[in-house]
1. Within the group Leu38, Leu51, Leu34, which residue is surrounded by fewer than 16 Cβ atoms within 10 Å (Cβ to Cβ) and not β-branched (Val, Ile, Thr)?
2. Which of the residues belonging to the range 250-267 are open to solvent by 50 Å² or more (accessible area, probe 1.4 Å) and in contact with a strand residue (DSSP E or B) (Cβ under 6 Å, 6 or more places away or on another chain)?
3. Criterion first (assigned to a loop (DSSP other than H, G, I, E, B) and within 25 Å of the chain's Cα centre (by Cα)) does Asp283 satisfy it?
4. Regarding Gly250, is this residue out of contact with any helix residue (DSSP H, G or I) (no Cβ under 6 Å at 6 or more places or on another chain) and over 16 Å from Gly294 (Cβ atoms)?
5. From the residues in the range 315-343 that are under 19 Å from Gly386 (Cβ atoms) and open to solvent by 10 Å² or more (accessible area, probe 1.4 Å), which one is modelled with the lowest pLDDT?
6. Could you list, in sequence order, all residues of the range 1-59 that are modelled with pLDDT under 95, of a type in the set (Ser, Thr, Tyr) and either within 30 Å of Arg69 (Cβ to Cβ) or assigned to a strand (DSSP E or B) (or both)?
7. Any residue that is touching a Leu at 6+ places or on another chain (Cβ under 9 Å), within 28 Å of Lys33 (Cβ to Cβ) and open to solvent by less than 70 Å² (accessible area, probe 1.4 Å) - is there at least one of those in the range 373-391?
8. Kindly provide the set of residues from the range 168-185 that are surrounded by 14 or more Cβ atoms within 10 Å (Cβ to Cβ) and either part of a loop (DSSP other than H, G, I, E, B) or over 18 Å from the mean Cα position of the chain (by Cα) (or both), ordered by number.
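The values are calculated or read from the model by the stated rules, or taken from the named source; none is laboratory data. None of the values given here were measured: they were computed from a predicted structure. Every residue, glycine as well, gets a Cβ built from its backbone with ideal geometry; the counts of neighbours run over all protein chains shown. The accessibility values were calculated without ligands, DNA or RNA, using every heavy atom of the protein model including side chains. Shrake-Rupley method; radii C 1.70, N 1.55, O 1.52, S 1.80 Å.
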Amino acid sequence: MESFGVLYSFVYINEILGNVGGGFRQGPIYAGKLEASLTIDFGKLAGVNGLSLFANTFQIHDTGGLRDRSFGRLITVSNIEAFPSTRASEIWIEQKWSSDRFGLRLGQLTADGEFFSADYGKLFLSNDWPTITGANLPAGGPAYPVSTPGVRLRFDPDDSTSALAAVFNGDPGEQRLRNRAGTNFSVDGPPLVMAEVQHRYNQEDAAGLAGSFKLGGYYHFGRFDHLRFDRVGLPLASPSSTGVTRRLGGTSGIYVVAELQLQGGGPEDGITVYTRISASPSDRNLVDRWADGGIVFAGMVPGRPNDKFGASLIYAGIGESARGFDRDMRRLTNDLRPIRSFCATFEVSYQTQIMPGWVVQPDFQYVFKPAGGIVSPFDHTARVRGGPVFGLRSTFLY
């Protein structure tokens, strides 16, 4: 049906992950996600040039994600982890004009497909919508597995430069309760505005080593609780506090993304590195600084041109206000809870192609200080311990 402008695909990912030594609960889990997507080019189908439609759905099944069940942590263990459900995701129309230099997209959108992403990092199971947005924005923001009504404008003045701006409903609804089927099309939430400028070089068949740089930011117009003080300026941990948290208007963040090819032929071959760095105000955000990065080797094994392997590191720093609350609790109430600091994940992964359309991926992660060093449910003076996670993922593409 491609000649008529109709494309469809199915991607099935299933995996077994096991926490063998850390967290507050050990053991293996099984998880799976089936995604079906449809793209229609109305230029080919009906002669309406530049108009297209996209829609996709998920069938998510698992026995409980390691991030929440085993570690109570902030950083993703598996980027398919979500509440078990059959749910709609994106459905939008896009009109392009001026030789595809301008594009306007309208409908049910996610932000993680176009904003704040690093293509070279997609090898890793823990590579996901960044922790700094997932932890700080209501319901994690408009990212897998939830989407929100929105509009996105894109301008490509040339083949190497892009500028994107989007407005989303800033509260997609908690996926377990308010948005279990992905059909919460509400526009009542405060808006989330995102913008990003991209520069690429030596892409596709161009000679030379490839690379890209992105600079972006976002602003959420909702109201957020101060993490340390009440409305009259007293520490929330103080016995004299009103217990009513000070309310703050809006939150924001800025980020940079860099991807560089160090060796290779095509833009994704050989040795590549990437990093993403971001910061947000600490008074209203649990995570105020965040970074990830890694190195990927592709096509380096003789006779295995499609195999990839690499290592990555993710770091999320707990904001000063949240740390101050922990110090206040120790000082004012004799609560001996640990003071949170940071959480991190180190990952090593190998992706091997068994046949066209089927890849298998053994994976190892080590979790440091889950959720920044949260209190153990079994000992209120000790932190939940980090530990190793072993996994095996299988991906089928049709």
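1. Going through Leu38, Leu51, Leu34 in turn, the sole match is Leu38.
2. Ile254, Val256, Leu260, Leu262, Gln263
3. Taking the combined requirement at face value, the residue satisfies it.
4. Here the answer is yes, as Gly250 does meet what is asked.
5. Per the criteria, the residue is Arg337.
6. Tyr30
7. Yes - at least one qualifying residue is present in the range 373-391.
8. The answer is Gly170, Asp171, Pro172, Gly173, Glu174, Gln175, Asn179, Arg180, Gly182, Asn184, Phe185.
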